[in-house]
Amino acid sequence: MADNHRRVAAPVSGSVPATAGREVCFDTLVQASRNVVTASELLNQLMADLPDTGGQAEAIGECEHRGDAFVQDLVGRLNRGLNAVIEREDLLALISALDDIVDHVDEVAAFLGLYGIEAPMAQAQALARVLLLAAQELSRAVDGAARAQEISDHVVEVHRLENEGDQIVRGALAALFVDGVDPMVVIRWKDIFERLEDAIDATERAAYVLAGIVIKDARAST
């Protein structure tokens, strides 16, 4: 989606207490993180059921629309002067990163349909599984941050999964460039692998933004 939602006008004065504003923002962030998990679960189902006969691609598209709605909801609240204690730039960076994950998942589903993929490569299924695990860890981290809990273990695990995803991608791309593989097959799967990698990378970006928010939040409360 376009990046214009990241540019937010200066807020006007609001009447919502800071603590309540924090809860409102984290409620949206928690919902957005769960939407990431739902989209990742649907992608795993899609990879297992290719070609798509269960409507998973359409359901992923609905997740993408919900992700956009979460962004617009948070931007709107901040524009109306919501006092969230947390820096608005950090909030927008996190909600945008969560939205990016779902956008990439939607792109994977779209490419699978566009290219008429009828059976997945094992590496694509492995990457989808890594993405789901990373999405689940990220969602747990967002939920924990909302309750002012320690999230470092979740962030470390997301980082580990991102590294695992990188290794799978390298192996997958190497497998494509062997003698005898149809060049069109190479192009199609390279596109899909790159989108899967982008989605996994985005989970790590979101986790790091969240970790920064938690650190600042802790400092502000002392």
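Just so it is clear, none of the values below were taken in a lab; they were calculated from the coordinates. A quick note: this is a predicted structure, and the numbers were derived from the prediction, not measured. All Cβ positions, glycine included, derive from the backbone under ideal geometry; neighbour counts span all protein chains shown.
On full extension of the chain, what length is gained from Asp90 through Leu114, given 0.36 nm per residue of separation minus the C-alpha to C-alpha distance?
5.1 nm
Taking the Cα atoms of segment 150-222, report the difference between the largest and smallest coordinate on each principal axis, in whole Å and largest first.
63, 16, 9
Can you tell me the dipole magnitude for the chain around its Cα centre, using point charges on the Cβ only (Lys, Arg +1; Asp, Glu -1), in Debye to the nearest 20? Please report the intermediate quantities before stating the final value.
Details: 19 positive and 37 negative charges, 170 e Å.
Roughly 820 debye for the chain.
Which distance in nm do the two modelled labels at Ile187 and Asp166 give, with both placed 7 Å along the Cα-to-Cβ direction?
Each label point is offset 7 Å from its Cα along the Cβ direction, giving 3.0 nm.
How far apart, in nanometres, would the label points at Lys216 and Gln31 be if each is projected 7 angstrom from Cα along the Cα-to-Cβ direction?
In this crude label model, Lys216 to Gln31 measures out at 2.3 nm.
Estimate the FRET efficiency between Glu23 and His159 by the formula 1/(1 + (r/R0)^6), using the beta-carbon distance for r and 22 Å for R0, to the nearest 0.05.
On the way: r = 28 Å, r/R0 = 1.27.
Using R0 = 22 Å, I get an efficiency of 0.20.
Per DSSP H run of n ≥ 4, the term is -39500 (n - 2.57); total these for the chain, divide by its residue number, and report the mean residue ellipticity at 222 nm rounded to 500 deg cm²/dmol.
-27500 deg cm²/dmol
Through the Karplus equation 6.51 cos²θ - 1.76 cosθ + 1.60, θ set to phi - 60°, convert the phi angles of segment 195-212 into ³J(HN,Hα) values in whole Hz; use x for Gly and Pro.
Result, ordered by residue: 5, 4, 4, 4, 5, 5, 4, 5, 5, 5, 4, 4, 5, 5, 4, 4, 4, x Hz.
Using a 10 Å cut-off around each Cβ, can you sort Val155, Val102 from fewest to most neighbouring Cβ atoms?
Lowest count first: Val155, Val102.
Report the FRET efficiency, 1/(1 + (r/R0)^6), for Ala175 and Asp198, where r is their Cβ-Cβ distance and R0 is 22 Å, rounded to 0.05.
That pair, Ala175 with Asp198, gives E of 0.70.
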